[in-house]
1. Please give the calculated 222 nm ellipticity per residue for the chain, where each DSSP H segment of at least 4 residues contributes -39500 (n - 2.57) and the sum is spread over every residue; nearest 500 deg cm²/dmol?
2. Modelled label-to-label distance, residue 13 and residue 72, 7 Å Cα→beta-carbon offset: nm?
3. Give a residue-ordered list of calculated ³J(HN,Hα) values for the stretch 49-61 (Karplus: 6.51 cos²θ - 1.76 cosθ + 1.60, θ = phi - 60°; whole Hz; x for Gly, Pro).
4. Taking 7 Å along the Cα-to-C-beta vector as the label spot, tell me the residue 22-residue 50 distance in nanometres, rounded to one decimal.
5. Which percent, to the nearest 5, of DSSP beta bridges fully inside the chain are antiparallel?
Amino acid sequence: MEITVSFFGPVRRPWPESSRQLEVSEGSTIQFLMEGLGFEASDLKRMAAVIGGKRRPPSALLKNGDHLQFVLMAGGG
C-alpha cells in the first residue's frame, strides 16, 4: 500500500522534507509506522495523527491512499 506522511510544526522528522510517500504493508497501524520511523510511544503522546481531517488513535489501520498528517499538539492556558 502507498500512503503519504506529512509532519507539521516543530516535530522531529525522519527525513528533511515535510512530506513523503511510503510503502507500507497491509494491516499496518499508525503506531507500527511511527515505531518503524524511530519514534517512541512517548513521542506519540505529543503528536496528533490525522487522516481525512479527523484525529486517529495509534491503533488505527492505514489504508492505501491515506494521507497521514502528524501535528505537534499544543497546550496553553
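Values in this text are rule-based calculations from the coordinates and carry no lab data. These numbers come from a predicted model, not from an experiment. As a convention, Cβ positions derive from the backbone with ideal geometry for all residues, glycine included, and neighbour counts pool all protein chains shown.
1. The per-residue figure over the chain is -4000 deg cm²/dmol.
2. If labels sit at residue 13 and residue 72, their model points lie 1.3 nm apart.
3. Working through the residues one at a time gives 9, 10, 10, x, x, 10, 5, 10, x, x, 7, 5, 6 Hz.
4. My value for the distance between the label points is 1.8 nm.
5. 75
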